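Below: one structure, written as structure tokens.
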Amino acid sequence: MNWPTHTDYQDSIQNPGVAFQEPTLKQGEIVCDMLGLPRVMSGNFASVYEMRGTDGRWAIRCFVRQVPGQQGRYARLSQYLNGLTLPYLVNFEYLLKGILVKGEWYSIVKMKWVEGLPLNNFVEEHARDSGTMTQLAADWRTMMKELKKVKVAHGDLQHGNVMVTPNKELRLVDYDGMYAPVFGRGKSPELGHANFQHPRRTPDYYDENLDNFAGLVIYTSFLAIAKQPEIFDKFYTGDNILLLSSDYRDPMNGKGITALLGHTDPTVQQLARIIQQSCLSAVESVPDFEAVMEAMDKGTLSEIKPKVAPAPTPVTLPKMDSNPQSGSRSSQSYTSSSSSPQSAAKQIPTPAYVSSTANKESKGMPGWPVWLLGAAVIGTIAFFVLHKSKPEKPEQPEPEPISTPAKPTTTVQRSDSTDKPQNSSPTTAAVSLLGTLKGHAGAITDSAFSGQPGFLVTSAADKTIRIWDAQNGQLTKTINGIPEAIQQVAVVKTENLLYGIREDNVIEAFDLQGSKKRTIAAYAKSLFQVGLSPNGEWVAAGAADRKAIQRYSLKSGSPGGLLAGHSSWVKSVSFSPDSAMLAVLGHDESVKIWSIPGGQAVSGFNTAQAGMTAPEFSADHNLVLMGEGKTAKIYNTKNGAVSQMLTGHTDDIKSAAFNPAKRMVATGSADKTIKIWDFVTGALITTLQGHAGAVTSLSFSSDGKFMASGGTENLVKLWQIQ
């Protein structure tokens, strides 16, 4: 079942008595335009309508796509915000059975309507009023300080999500991307408007510091306009205040930043310098907004630098033998260096809920600024999101055998030896598609084989785990009732248990018949993806300072040692297949390799590409494979050197895996293809096609003869390697 479209909502909302269940809305009146149709602001995520209910005026936010965990997010956010008394926040209510569309109930957000102007329109009217702009900057500073006190971050501060009331008071609307302490680790459900966000922001960066960059950009813009109003006329586009995403992607040459650096006011120049330096660093390195304000008061802005830790001093590490049990180590050194900034994908803002008090007839619909009309058009443009597709309501199909395709097998090259020299000649092999496994109603997030290969376990954004017979493709069990989507699955063969790690980092354990055995919620507050060792002994979870990893015994829960010394916040953790090593990926695109269980640092390396896949180890843990944009790289874990660069994909790599028994690796891409490579020579063996969406999951059976691939089109494909 597809999520309702803007048109579907438009049709339903015209009859509030039928469309709504909530009494005040059921008896309310929809505000219409001059043609008598419901007045709507349509964006990529939602359609927003104005309702006059029996208890006041409300903005009704109707979602056109489902966001995983949305219901739980709004419930927890409402509970937390209700205990606060901040004047900048607007009362809202999340209604699970909010609106009836084509016989189905869908959730909505009912938010108090804000009378006033969007921030950019307010600045339009007062750009040449120095006193008003100076006061606006002061009010902005106060708002940022009050939000920080309660550890709340809006997540998408921009002109359309900030309203200025007739009394010139600031109000925040659209809480889809808001951070509050109740979310714990979590991931940001959206990346915000590109004209206000750090160029290297990712969903993994999600805490109370989320607004530092946007807050500084907007405050600096206010001050610059107050002292030099003509700068607004030159750089305002209708979709910003002064700066654009191009300024952040190329901060040394951006026209807007260059103008601020040459501003007549020295304070604006210094603030612009901080923005420029922040763009060249990782997103978590942006200075704290309040610390910048305090330095401005003291006249010490020149001392404010991005919060980037210095590269660690090279240390001599013990020699590491290829046998992890031997205790023999080789002398290596590890040095970290900063990486170059990368361009962020463009995002389109979600329109605000606004009732204009100014006369805007010349710009479009009466009472509405032109950018809101434009939002109805641009709202249909594709928004850059995470690789997950929107989940549909899961169905329970009867188990069906996989279909054998009519296409002939593809003759390819390979070699089973992993220790041949670089110029060794591979032999021939064949890869054939056995069939397609159907049943999931959301993008595939992970897969794992059990036995030889026995069962195939898959997880998806539809909050289910499915167990398949890998020999004939029969669906043997669907595990439902999981509160959050499973992002990672693992089969511990010694225990015959299946572990699923949820998006909230709760670990669920099931037997291979699908019966739940255990729920472990101890790591739910970890700020990054939790890792589980393949032998079922260890869990790697985030430590309090976010730059360290704490290991825990999976069975007893007791800590097993802290792995500290990372120069950036941790992004993800990955265990090697033999559970002897752990790879830690940081937000500064650095990787550090640790030995387990000893906890010694083995090596480390840096990359120059943001948006990487999590590291994947070879069977002997001597190599690490990572997708970095459209290229995959293979690193030596002993010294961090690049052993191979695999190029050929035409879009970003979304998944990667080593074959544990063959001399090959697989990479899956947003270009809808899978490429198989010889990891010794770096030669492309073959390209596999058949997915209709990005390939988000890859896994091999332990004997290396079967491969499973999952995509955003909700399908799993099973391949045989002979």
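As a quick test, which of the pairs 187/234; 654/705; 234/305; 110/438; 148/298 have an alpha carbon distance above 27 angstrom in this structure? Can you show the working numbers first?
On the way: 187/234 37 Å; 654/705 22 Å; 234/305 29 Å; 110/438 37 Å; 148/298 21 Å.
Check vs 27 Å cut-off fails for 187/234; 234/305; 110/438.
Using every Cα-Cα pair within segment 115-274, state what percent have a distance larger than 20 Å.
Numbers: 6105 of 12720 pairs.
Tail of the P(r) past 20 Å holds 48 percent of the pairs.
Quick one: P(r) of segment 414-721 from all Cα-Cα pairs, 20 Å bins, percents rounded to integers, in order of increasing distance.
Whole-percent P(r) values from 0 Å outward: 35, 61, 4.
Using 0.36 nm times the number of residues separating residue 105 and residue 29, minus their current alpha carbon distance, what extension gain do you get?
Working: separation 76, 0.36 × 76 = 27.36 nm, distance 1.97 nm.
Full-extension gain reported as 25.4 nm.
How large is the Kirkwood hydrodynamic radius of segment 6-112, in angstrom, based on all distinct alpha carbon pairs? It would help to have the intermediate numbers written out before the result.
On the way: mean 1/r = 0.0700 Å⁻¹.
It works out to 14.3 Å.
Divide the volume of the convex hull of the Cα atoms of segment 524-616 by its number of residues and quote the answer in cubic angstrom per residue.
On the way: hull volume 8.2 nm³, N = 93.
Measuring per residue, one finds 88 Å³ for the Cα hull of segment 524-616.
Ranking request for peptides 599-607, 571-579, 458-466: highest mean number of other beta-carbon atoms within 10 Å first, then the rest in descending order. Each step should come with its number before you reach the end.
Working: 599-607: 20.1, 571-579: 21.7, 458-466: 25.7.
My ranking of the peptides, most packed first, is 458-466, 571-579, 599-607.
Bear in mind these aren't lab numbers, they're just calculated from the coordinates by the rules spelled out. The structure presented is a predicted model; accordingly, all values stated were derived computationally and were not measured. We place every Cβ from the backbone using ideal geometry, glycine too, and count neighbours over all the protein chains shown.
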